[in-house]
Amino acid sequence: MDTDVLVVGAGPTGLALGIDLARRGVAALVVERAEALFPGSRGKGIQPRTMEVFDDLGVLDAIRAAGGRYPVGTIWQDGRRAGEHRMFDAAEPTEDAPYTEPWMVPQWRTQQILRARLEELGGEVAFGREVVGLTQDENGVRAEFVSGEVVTARYAVAADGGRSTVRRLLGIGMAGETVDPNPTLVADVRISGLDRDNWHVFPPGEGDGFLAICPLSGTEDFQLVAQFPEGTAPDLSLEGIRKVVAARTHLSPESVTELRWASDFRPRAALADRFRSGRVFLAGDAAHVHSPAGGQGLNTSVQDAYNLGWKLGAVLRDGADAALLDSYEEERRPVAADVLGLSTRVHRGETRRGEATRQLGLGYRQSPLTRETRTTPGPLRAGDRAPDGTVAGVRLFDAFRGPHWTLLALGDAQTPDLGARIPVVRGPAPGTYGPGLYLVRPDGYVGWAGDTAAGLPDYLARFGRR
């Protein structure tokens, strides 16, 4: 079987990449070694920047309908409510940033929504496909599966998780550290005796770690997270979880009525030595593994896919030079390193979940793709996220939505004749933009900014634009 891009792994990373490629007309095959999508709630927090990505990918309405806001934490002591704990610093929506709080959606539901969107665009997921061999040459990649099936592709993407088989086959190392030596159990359960309006927190007792029970928006489930002393092997059975709940809360064992999924892990932070080997790219957990604190892992992973998708499309469909793909690692690896550090600091209580964890400030000012040509740039510069706003009655996020570039001609800025290749929005500059020309990339970042159009056609020529 032949395809343009082989995507290994049908988690949020692989599904988001499949969507982005499908809407660009790039033939992509998404394969998954399991027989079904991941069944647990693990990555349940969708950060504001990822909400913007989901808006562009066409799944935001479904994501919003499937989830809800995070509840206020209630701290329990000896069976009594002893106080409140707000997990996140609050921020009010603004015109330039309409999404300012994390949105809770269980990971299994997010993946269902992404898969449905992929299929709506004509893509599919092939389950039960375990990669066991991978070779490549100057023309493409050849993947062998345990079934004996062979797939050839022009490019491949490893989106197969922290224990990535593809990364191992490529021989790419992954350096990291243990963030916390204490094992942590996470489980999706049905439970009685607790309200669904609060995130219930039970502080550690003598010899025990903390226990938190969070109602999962849009479901009847709770996510239970329990920390154990170093060297302990958590019991993942229903009876084991009942014992933990009875020992650390005022609830009886029978309050846990159903176990739907359970896993255990040791929080760690790790970064792949490289995000690329020839025609194969690493994305998501295959490239970086986070502590779950702060809800950064899934979000950083989806944005890997969002960064890589338009570049693969430019090379495979628009005639851009393949050297453009070098910018994927150049842009995403520094971001992943910074976010790993943030996740670790949040886990250790060294910083709160606030502005940084929303990921709206991430950008690519130092990228080789960024060109700032203005003599006196304002606060918004090339490489920054392009904010929302309204220009001559047009909402900018509506103008950006889709796989295209967008040119903003604000104030008195004059535009060159770009034909029909690039949509142009003209009008007064909204508050977060100054006057001038802003060329917005397909992933919602300002690629080029100028007072005049000098150099703009040459910049665009790098990306093919057939």
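Numbers below:
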read-out: Exposure ranking of His250, His290, His200 by accessible area [1.4 Å probe, largest first]; value: His250, His290, His200
read-out: Descending semi-axes in Å of region 210-326, equivalent ellipsoid built from Cα gyration tensor; value: 42, 16, 10
read-out: Among Thr249, Pro234, Ala262 - extreme Cα towards positive end, dipole of region 220-264, charges at beta-carbon; value: Thr249
read-out: Most to least packed among 12-21, 118-127 [average Cβ atoms within 10 Å]; value: 12-21, 118-127
read-out: For the chain, size of Cβ-based charge dipole, Lys and Arg +1, Asp and Glu -1, in debye; value: 360
read-out: Sulfur and carbon atoms: percent of accessible area, the chain [1.4 Å]; value: 46
read-out: Check: region 226-265 dipole with +1 on Lys, Arg Cβ and -1 on Asp, Glu Cβ, in debye; value: 100
read-out: Ranking by accessible area, most exposed first, for Ser263, Ser192 with a 1.4 Å probe; value: Ser192, Ser263
read-out: Accessible area (Å², 1.4 Å probe, nearest 10) - Thr110; value: 0
read-out: Solvent-accessible area per residue for the chain (1.4 angstrom probe, square angstrom); value: 41
read-out: Residue-averaged [θ]222 nm for the chain, counting only DSSP H segments that reach four residues, each worth -39500 (n - 2.57); value: -7500 deg cm²/dmol
read-out: Placed amide H near Thr74: partners under 5 Å, 5+ positions off or other chain; value: His85, Trp199, His200, Val201
read-out: Pairs of alpha carbons in region 115-203 whose separation is greater than 21 Å (percent); value: 59
read-out: Under the Karplus curve 6.51 cos²θ - 1.76 cosθ + 1.60, θ = phi - 60°, whole-Hz ³J(HN,Hα) for region 20-25, x wherever Gly or Pro sits; value: 5, 5, 4, 6, 9, x
read-out: Expected-Rg normalisation [2.2 N^0.38 Å, Cα atoms] applied to the chain; value: 1.02
read-out: Glu130, Glu138, reordered so the largest accessible area comes first (probe 1.4 Å); value: Glu138, Glu130
read-out: Linear extension gain, Val225 paired with Asp338, 0.36 nm per residue minus alpha-carbon span; value: 38.1 nm
read-out: Selection from Val446, Gly378, Ala272, by position along the positive dipole direction of the chain (Cβ); value: Gly378
read-out: Average Cα contact separation per residue, region 2-55, under 8 Å, 6 or more apart, as relative contact order %; value: 36
read-out: Given charges at Cβ of Lys, Arg, Asp, Glu: region 114-210 dipole, positive-most of Ala126, Gly193, Ser164; value: Ala126
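The values are calculated or read from the model by the stated rules, or taken from the named source; none is laboratory data. All figures in this text were calculated on a predicted structure; none of them were measured in a lab. Positions of Cβ are generated from backbone atoms using ideal geometry, with glycine treated the same way; all protein chains shown enter the neighbour counts. Accessible surface is based on the protein model in full, side chains and every heavy atom, while ligands, DNA and RNA are left aside. Shrake-Rupley method; radii C 1.70, N 1.55, O 1.52, S 1.80 Å.
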